[in-house]
Amino acid sequence: MKYKFDIDNWGAQFCVPAVVANDYLKLSDGNYIKVLLCVLAGQRVTTTDAIAEKTGIAPGEIDDAIIYWRNLGVISFDGSENTSASEAKTAGFSSKNQPVSQVEAVRASAVAEDKKIVVNYSQREIKEKAENDSNLKQLVNDIQGILQFSINGKELGRLVELYELYRFDVPTILLTADYCKNIGKSSIAYLYSVMVRWFESGIMSYSDVEKKIISQNALHDFENNVLRIFGIVNKPSKKQRDYIEKWKNIGFSYELLEIAYNKCMDSNSKLNFGYIDKILENWSNNGVVTSEDVRKNDENFKSRYAKKTEGESERDTSYDLEEFENFALKFSLSGGRKEG
């Protein structure tokens with residue numbers, strides 16, 4: 001969808017550095033964006049509590065956000081009372097003993113509901129874990145290299161959960177991080193959601209994750225090719241993606257998809273995923289796998305249509321593409337006529 005915004009009547013305005021929208025917007029936590037907007041629109045001298053009151057964000061996370069934007073070079077400030085220089089160099093972890101991670105402790109195998117416990121780590125504890133565990137320290141250093149930005153205390157908490165509670169090892173987390181970056185999702189939040197979802201589906205080991213990534217990459221390539229064939233330049237909807245995944249799982253070739261697309265456009269003059277899906281379902285149930293099979297299938301439908309109309313007075317049984325397609329799609333998968 002194309003938008004034309006009217007910005008002349010908005011009243012007071014403030015500037016946002018272009019680098020934020022161009023480079024950091026999709027990489028940054030939503031609360032961090034809120035803090036930045038509050039800083040840019042607010043007074044030159046302010047406090048954590050004042051920003052917290054305006055944004056509704058916890059003070060500890062506000063301190064993390066401000067240091068995060070300073071480390072990226074977006075803002076600068078003087079007179080921090082609660083943050084040391086050494087903390088600023090370690091991805092902006094807050095020194096406040098504020099809880100940031102509260103999740104159920106899990107294992108790589110099913111556990112009884114009554115055996116789950118709740119673990120609550122503070123920012124300080126998370127920072128100590130990263131400093132004392134060599135594997136976790138390697139994870140933090142390497143993942144910042146992959147995603148190409150410094151992680152904050154909240155994001156480190158997510159990594160600790162994946163590593164310590166969900167029992168993903170460092171190579172598996174890094175492999176997933178590389179996958180996320182390659183599909184344009186370079187954020188710890190997205191990485192975390194993907195790995196938890198995979199865990200819940202029983203995908204836990206390095207080999208399982210590797211197989212899943214190979215499968216996802218193949219689906220992504222298939223989706224891009226289908227969008228190219230259909231002439232779609234925008235991001236597909238979830239329903240459209242579901243259709244595409246279904247077609248891949250059935251095993252339709254790009255040749256058949258293009259033929260189905262052309263039939264849809266010839267008949268409807270507009271793209272209709274549901275219409276294309278009905279054509280493909282019909283072909284699948286009739287063993288149609290090549291363009292020659294499509295030709296033969298069309299001839300069979302034409303023959304059946306001609307017999308149906310035979311004997312009707314002054315009936316023109318010549319082949320009309322739109323009429324034929326509408327007729328064909330009214331047949332159920334078993335060959336009988338659909339109601340309505």
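Just so you know, all these numbers are worked out from the coordinates, no wet-lab data involved. Small disclaimer: the values here were computed from a predicted structure and weren't measured. Backbone-built Cβ (ideal geometry, glycine too); neighbour counts: all protein chains shown.
Here are a few things to note about the model shown:
- Among ASP29, ASP133, a tally of other beta-carbon atoms within 10 Å of each Cβ gives an order, fewest to most, of ASP133, ASP29.
- Under the criterion of Cα pairs below 8 Å and six or more residues apart, the relative contact order for segment 173-247 equals 22 percent.
- Restraint check, LYS212/LYS278; LYS246/LYS278; LYS212/LYS270; LYS248/LYS302; LYS137/LYS181, Cα-Cα greater than 24 Å: LYS212/LYS278; LYS212/LYS270; LYS248/LYS302
- The slack in the chain from LYS238 to LYS296, taken as 0.36 nm per residue of separation less the alpha-carbon distance, amounts to 17.5 nm.
- Cα gyration tensor shape for segment 162-316, rounded if a/c is under 1.5, else prolate or oblate: prolate
- Cβ-derived FRET efficiency at R0 56 Å, VAL16 paired with SER269, nearest 0.05: 0.85
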